[in-house]
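Asks: Pasting a structure here, questions to come.
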Amino acid sequence: MPQRHLAKTEDNPNQRTKRSTNPNSHTSQKTKVDPTLTKSHTLNNETCSNGPEFGKITVVHYEVAVNHQSKPSQTRPSGGEDYMATPFAYRYGRRYLRDPSVSYPLPVDLVELHRQSLRTMLLMQVFGKPFCAPFFRDRAPKKILEVACGSALWSSIVHDYFSREGHANISFTGLDIAPLAPDFQKQGMDWRFVQHDMRKTPWPFKEGEFDYIFVKDTVFCAASAGVELDPLTELMRYLKPSGVIEVWETDLLLRALLPSPPMSLKMSSNDVEQAEATATYNIAPGTPFAKAQNKYVKDYNEWAKKAIDELDCTATPCALMGLTFSSDPDIYGSVGSRRVAIPLSEIRWEREECVDSSPAPKTGGRGKSSSKPLVETETTRKSRPLTPEQTSLRRTALITFLGLVESLEPLLVEQSGKTQDEWDRWWSGFNNDVLEHDGLLNGECLEVGAWWARKIES
């Protein structure tokens, strides 16, 4: 689970100070270091969650020997307060990480955890399974690490997936700064949770310990860790040669998908069929987008872009992640990716298009294309209405987006300059427009992506 501090005071929620730049970032060490278990403690219900649903969680702490010239970040300030043992504080009526040096902007309460879990399940539906890397058809990984795991829903689902496929003896590790995951050992998983601040390197793992590392939606976490986009460089230390790393990201700003999105010649038949089944659109280099047309989405995009820039994050990680994997061919091999646009409602041009009804090959989204093989686009398909399942998937995508806006409210209110009453009226109008009045007919969509690679043997 990623991390950040909101600096509004609890006494006056309408005032907010600028965050300071994280002074504790430092370059990861290259020397081989083995972690040493120093202590463990059990967090009770009041510490772990808003209620008893998570039960008691045993958290392990590690001590790592680092080069004496390095300057690792501190989890315990000079006053002696232990933010790892008591990580939470309440602001704006929601629960946040308490450490003032952590720059993660989202709450860590059950409402936000539910939104993240819903988004995880949405992406699994869109991609067709809980991972996209094509390397596990015959042989499953044996040691899996989920970074910034939060509730660790992904680990639980992947465990069940491999169990159904007949693969056993797979160990799962979840890494996060705060203990939010339940004890999956009680459900028969080989599971451990490691509480660790990602800003402190080396991380508490042995080099080459895992053969599969999964990372999802860590843009805000990366800002706290003091890296530009993701902690991939540090993560590769703990991946075995020929091991697999996979990253899922979602852009934080919305664009509108235009008619005639092309089909990439490199697109697999499975990806085409999955897009057909889910009424989503595979993104190719020439996929046409425009700025969002909905007035409320325009407002959100403007305010969110300013707020995210202040956090030294990127609002569009999907546009940059491919460059990250292609930046070092000596490390990343068998690189692959898939990007998908998920419309947040039915699109006007989906309703209106009128095409040749003759049989044709499939394209990168739902429906059929025309029989012209050299111009395969979405507008050449025969239009048909969304199924109830496809409609539900788009509505789920919309609900997770609205939940994100709600979780970012303190930052957006500041950037908008609105009073709380003015914000409440804007928020009510936004919900009414997109939920009741088809306000997203112009093609506003979530842009999501998955990237994967093998670690090249040195």
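Asks: For the range 412-458, take every pair of Cα atoms, bin their distances at 10 Å starting from 0, and report each bin as a whole percent.
Replies: Reading upward from the zero bin: 19, 26, 26, 11, 11, 6.
Asks: How big, on average over all directions, is the shadow cast by the Cα convex hull of the range 272-317, in nm²? Let's see the in-between values first.
Replies: Working: hull surface 18.7 nm².
In nm², the orientation-averaged hull projection of the range 272-317 is 4.7.
Asks: Could you state the accessible area per residue of the range 262-316 in Å², with a 1.4 Å probe and every protein chain left in place? Walk me through the intermediate numbers first.
Replies: Values: 2650 Å² over 55 residues.
In whole numbers, the range 262-316 has 48 Å² accessible per residue.
Asks: Which peptide among 239-247, 337-345, 424-432 comes first, and what is the full order, when sorted by highest mean count of other Cβ atoms within 10 Å? Before the final figure, lay out each step's value.
Replies: Working: 239-247: 20.1, 337-345: 23.1, 424-432: 14.2.
The densest-packed peptide leads the list: 337-345, 239-247, 424-432.
Asks: Quick one: what Rg and Dmax do you get for the range 237-302 from the alpha carbons, in Å?
Replies: For the range 237-302, the Cα-based Rg and Dmax read 16.4, 49 Å.
Asks: Further question: At a 1.4 Å probe radius, carbon and sulfur cover how many percent of the accessible area of the range 177-312? Walk me through the numbers on the way to the answer.
Replies: On the way: 2380 of 4860 Å².
Carbon plus sulfur share of accessible area: 49 percent.
Asks: Loop only per DSSP, at most 14 neighbouring Cβ atoms within 10 Å: give me the trypsin sites (Lys or Arg not before Pro) in the range 249-298, ordered by residue number. Display every interim value, and only then the final one.
Replies: Numbers: sites: ARG255, LYS266, LYS291, LYS295, LYS298; in loops: LYS266.
The qualifying sites are LYS266.
Asks: Relative to the compact globular guide of 2.2 N^0.38 Å, what is the alpha carbon radius of gyration of the range 118-275, as a ratio?
Replies: Values: Rg = 16.7 Å, N = 158, 2.2 N^0.38 = 15.1 Å.
Against the empirical 2.2 N^0.38 Å value, I get 1.11 for the range 118-275.
Asks: Let me ask something additional. How long are the three semi-axes of the equivalent ellipsoid for the range 90-169, computed from the Cα gyration tensor as the root of 5 times each eigenvalue, in whole Å, largest first?
Replies: On the way: eigenvalues 195, 38, 22 Å².
The three semi-axes for the range 90-169 are 31, 14, 11 Å.
The values are calculated or read from the model by the stated rules, or taken from the named source; none is laboratory data. Bear in mind the structure is a predicted one, so any value in this text is a computation, not a measurement. We place every Cβ from the backbone using ideal geometry, glycine too, and count neighbours over all the protein chains shown. SASA here: full protein model, heavy atoms, side chains in, ligands and nucleic acids out. Shrake-Rupley method; radii C 1.70, N 1.55, O 1.52, S 1.80 Å.
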